[in-house]
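To start, the structure itself, in structure tokens.
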């Protein structure tokens, strides 16, 4: 399955996206980087031809920052199809709107922390329930 993740041919695109992060992406990255959440997150991680804003491989957690463009009907359909495709790899999603970040980043960060805790608890329980 590793042939799907961070493909070499997507490397240039990932670098471009990292170099041109939006203000809201920079805000979240300042919060996630250097294992401040006790988890390692990567910026602009790709799965096949899709690039995820932030990704924690251990928890299979994707964090997507959605600007105003994501309110357009065509973009909503694309996002839905993309998310369903990526969820087939067992990836969990948190979608955070720019307005949510700009209006009160603490609430957005709390959502991330809660999801990390939930996924960690699930992994812990599954570890002991596995045959």
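Just so you know, all these numbers are worked out from the coordinates, no wet-lab data involved. The structure presented is a predicted model; accordingly, all values stated were derived computationally and were not measured. FYI the Cβ positions are ideal-geometry reconstructions off the backbone, even for glycines, and counts take in every protein chain you see.
Per-residue counts of other Cβ atoms within 10 Å, averaged by peptide: what ranking do you get for 100-109, 12-21, highest first?
On the way: 100-109: 14.7, 12-21: 12.6.
My ranking of the peptides, most packed first, is 100-109, 12-21.
Can you give the Rg/Rh ratio of the stretch 2-129, where Rg is from the C-alpha atoms and Rh is the Kirkwood radius?
Values: Rg = 14.7 Å, Rh = 15.4 Å.
Over the Cα atoms of the stretch 2-129, Rg/Rh equals 0.95.
Just want the ordering: 60, 38, 26, from fewest to most Cβ atoms lying within 10 Å of their own Cβ. Mind showing how you got there, number by number?
Working: 60 16, 38 8, 26 12.
Neighbour counts put them in this order, fewest first: 38, 26, 60.
Over the chain, what is the mean sequence separation of C-alpha contacts under 8 Å (at least six apart), divided by residue count, expressed as relative contact order in percent?
Values: 127 pairs, mean separation 25.4, N = 131.
Here the relative contact order equals 19 percent.
Tell me, 27, 72 in order of fewest to most beta-carbon neighbours within 10 Å?
Details: 27 19, 72 11.
By the 10 Å Cβ count, ascending: 72, 27.
In deg cm²/dmol, rounded to 500, what helix-only [θ] at 222 nm does the chain give when every DSSP H run of at least 4 residues adds -39500 (n - 2.57) and the total is split over its residues?
Details: 5 runs with 65 residues, N = 131.
Only helices count here, giving -15500 deg cm²/dmol.
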